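Step one of this worksheet: look at the structure below.
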Amino acid sequence: MKLTRRQFLKAGTAGVGGFTVFHTLGWRSSPGTSHKASALKNKISETTTICPYDASGCGFIAAVEADGMLKIEGDPDHPINRGAACAKGASLAQLHQVDGKINPRRLQNPLYRPPGGRDWEVLSWDEAIDRIARRIKDTRDNNWTASDGEGYVVNRTEGIASVGGAALDNEECYLLVKALRALGLVYVEHQARI
């Protein structure tokens, strides 16, 4: 049977019109039932994220509720992975939950082991950040070079180096390098070039 364009448009319009009439009149597939929206206990939201494992920058969609992450899946609209996930990316949810429970191996607080110590101490996030900032400042001040041997102003420190990771995207690398150069670091490298 050959169908002309005009016949196709007429049939399509009739089909949409019929559906609209049935829907407006309240036609249901099974009489006597009503479809009410059920209230959710916890508000669920979706957010996009980037895989932290390698430099590919694959995108994922994470479904999150108040109690934690429900699921994570590849983002079909992401230009890099288009919804696919490698073995590492597919296991992203295990960073947070295993078998529906919070992963017992996931660290919740920073740990610190003093020089020569054998046991780890649990620190608060504020205490850990303060210690890191203090050590960076002390190392920078103790190794600061204002001018070189010929009298040229260099304003640098050679006592600190930085090695970036593959999970950093271009924007994060840009901001990191700006911050490190502002501190006077000379040795700034990235693991992808080593």
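Points worth noting:
- For Tyr187, neighbours were defined as the other residues whose beta-carbon sits under 15 Å from its Cβ, and their charges (Lys and Arg +1, Asp and Glu -1) total +2.
- Count Lys and Arg as plus one, Asp and Glu as minus one, and take only other residues whose Cβ is under 14 Å from that of Thr13; the net charge is then +3.
- Near Arg134: Cβ cut-off under 14 Å, other residues only, Lys/Arg at +1 and Asp/Glu at -1. The net charge is -1.
- Gain on full stretching of the segment that runs from Thr20 to Thr4 - 0.36 nm per residue minus C-alpha separation: 3.3 nm
Read-outs: derived from the displayed coordinates by stated rules, not from any lab. Worth saying up front: this structure is predicted, and the values here are computed from it rather than measured. Using ideal geometry, Cβ is built from the backbone for each residue, glycine included, and neighbour counts are taken over all protein chains shown.
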